[in-house]
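For reference, the structure is listed below as structure tokens.
The values are calculated or read from the model by the stated rules, or taken from the named source; none is laboratory data. Keep in mind it's a predicted model, so treat the numbers as computed, not measured. FYI the Cβ positions are ideal-geometry reconstructions off the backbone, even for glycines, and counts take in every protein chain you see. Please note that ligands, DNA and RNA were not included when accessible areas were found on the heavy atoms of the full protein model with its side chains. Shrake-Rupley method; radii C 1.70, N 1.55, O 1.52, S 1.80 Å.
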Amino acid sequence: MDKREIILQHYSKPQNKKRMESEEYTKENTRNSSCIDNLDIYIKIKDSYIEDITFDGEACAISISSASIMTKNLNKKSVREGLEYIKNFENMLNEKEYEQNILKEAIVYENTKNTSRKTCAWLPYDAAKKILEKNI
Amino acid sequence: MVFREDFPMLNKDIIYFDNSATSLKPKKVIDKMVDYYENYGANAHRGDYDISYKVDIEYENARDEIVEFINAKSKEEVIFTSGATESLNMIAQGFFANIVEAGDEILITTSEHASNVLPWFRLANDYGCVINFIPLDENLHVTMENVKKSITPKTKIIALAQITNVVGDVRPIKEIAKLAHENNIFLVVDGAQSAAHMKVDMQDLDVDFFVFSAHKMLGPTGVGVLYGKKELLENLEPINLGGGMNESFDNPKEIYLKDLPTRLEAGTPNIAGVIGFGEAIKYLKNVGMEQISERERHLREYLVEKLVRIPHIDIINLEADSGIVTFNVDGIFSQDVAYYLNKYNVCVRAGNHCAKILKNSTGVTNSIRVSLSFYNTESEIDEFVELLKNKEKIMEEMI
Ligand SMILES: Cc1ncc(COP(=O)(O)O)c(C=O)c1O
């Protein structure tokens, strides 16, 4: 599959897109100031492991697909590994060195790095990072 | 069209349909500002030497242009600010904060721009006023009937855009002013979207305050106007104190301020901006406000007629008397459509257009906004419509 197809697939059939009301989940909202992308990220952490991670909300194709891929990649990782993954993603967007193999499908956003879509790709990561940093 | 050659940005191979965000600027306006910086770049209000004297003359000429353009009664009623937003904050904080009482009601609508909402929210929070919303009808318009129904003996302020930036409806400001004054209510009008697109006449409308920004009407960024009736501006406390606006200050008990309009323009003003603004007003006068309104209405009709024939397009504001058309492509997030159009160098705005509380009324949280200006053309619209005809193509190319 080419990059576009991967993005479109995660957009039309996003994974882990559900609202989690349970107390076991920490929720963090994330939104773009310039537009109205508006996502909630839900993470259930137990013994420094990400037991489950979901998202919900309304956003553009890049943000939704990025959230779908992110939740898929972060699930069942330790908090430390999760932050490592996020750091790599951030480095990719900021044109710094990063490890491709850790990012898996998320490398499809590599070409957003010089565009306004960079903030869309980053959107779900911003919230996940906040939750994980509080639980390290 | 003859005007197009006047706008350097129109040679850039883009289709610019985001005129409500900011307009393009004619070369004359840009040149006028460069002329100030290159040939008489001194400070204002000093006048001790020739070029400084020229600054004062040019600065006040710009004010005269505006006085005439909006048919204010005098120069004292036209205050230069940094834009509509600052003007609205000055009105709320400098005038109304001194006279409102707990329980006073402020009437706005859900389709106001943030700049005509948040200053009133702050007033409500600080002084115990109550914000009420005039209901919008099914076209999202403000009707006289709904204004009447919303007024109570406690209503103190009505604050409305003359044209809203999302729906593009033109409000019956003159009638509302009459009704407001019969009920001892102040009317504040946000003219950010209207001043560039229709004739506005302060004496005819009889509004108490009216604000607008130069950058939306062919002028530079960072300049705007606060119009107020003289007797009201006399009571508007300056938020900023400092140079240029004082007569003398020997001790804290003896501060003497200058008269209007200077009293409300503390500090070195945006001289180049004001002078450029004056040139923009001249340009608008030369084209003619009636001609501009008519041309923009025509372009809007032309666009709407084509868009309604496309089944996957939902127009949110079918009825509107301005150049604004807001719509969605069925099943595609507005921002994605904007990105798709951007690939073809078409500039439109996606999102909620700073009217974040409108979603309570429309049920639609975001949309694509086309805002046309008199310098846009039918062929640009044709190209634009062509790009939207094929939904699959949009889906294909939006990422
Ligand atoms: C209706 C309306 N009011 C106020 C403003 C604020 O204008 P400015 O940002 O120039 O102060 C805008 C700008 O988008 C507007 O559309």
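Annotations for the structure displayed:
- Centroid-to-centroid separation of segment B:118-136 and segment B:194-233 [C-alpha atoms, Å]: 22
- Counting only protein heavy atoms and a 1.4 Å probe, the protein assembly as shown has 44 square angstrom of accessible area per residue.
- Positive-end residue, segment A:3-133 charge dipole about Cα centroid, Cβ charges, pick of A:Leu8, A:Met20, A:Cys120: A:Leu8
- For a modelled paramagnetic label at A:Lys130, 7 Å from Cα along Cα-to-Cβ, the residues of segment A:90-105 in reach, with backbone nitrogen under 18 Å, are A:90.
- Using a cut-off of 32 Å between Cα atoms, the listed pairs B:Lys73/B:Lys306; B:Lys28/B:Lys393; B:Lys148/B:Lys199; A:Lys44/A:Lys118; B:Lys28/B:Lys73; A:Lys44/A:Lys104 include B:Lys73/B:Lys306; B:Lys28/B:Lys393 as exceeding that distance.
- Between the beta carbons of B:Asn183 and B:Leu318, assuming R0 = 30 Å, the FRET efficiency works out to 0.40 to the nearest 0.05.
- Nearby lysines by direct alpha-carbon distance to A:Lys46 (threshold 17 angstrom, same-chain neighbours under 8 apart not counted): A:Lys27, A:Lys76, A:Lys77, A:Lys129, A:Lys130, A:Lys134
- When only Cα pairs below 8 angstrom with a gap of at least 6 residues are kept, chain B shows a relative contact order of 22 percent.
- Stokes-Einstein diffusion coefficient of segment B:28-286, Kirkwood radius over Cα pairs, 37 °C, 0.692 mPa s, in µm²/s: 173
- Of all aspartates and glutamates in the structure, the ones whose alpha carbon falls short of 16 Å from that of B:Lys154, not counting any fewer than 8 places away in one chain, are B:Glu101, B:Asp104, B:Glu105, B:Glu182.
- Between B:Asp137 and B:Asp206, the FRET efficiency estimated from the beta carbon spacing at R0 = 25 angstrom works out to 0.55.
- Note on the protein assembly as shown: with charges restricted to the Cβ of Lys and Arg (+1) and Asp and Glu (-1), its dipole about the Cα centre is near 1360 debye.
- Calculated over segment B:50-153: convex hull of Cα atoms, volume per residue (Å³): 151
- Among B:Asn328, B:Asn342, B:Asn19, the largest mean-square fluctuation in a Gaussian network model of chain B, built with springs joining Cα atoms closer than 10 Å, belongs to B:Asn342.
- Between B:Val67, B:Val211, B:Ile131, the Cα set farthest toward the positive side of the dipole of chain B (charges on each charged residue's Cβ, about the Cα centre) is that of B:Ile131.
- Check: segment B:28-286 dipole with +1 on Lys, Arg Cβ and -1 on Asp, Glu Cβ, in debye: 400
- Viscosity 1.567 mPa s, 4 °C: Kirkwood-radius Stokes-Einstein D of the protein assembly as shown over Cα pairs, µm²/s: 50
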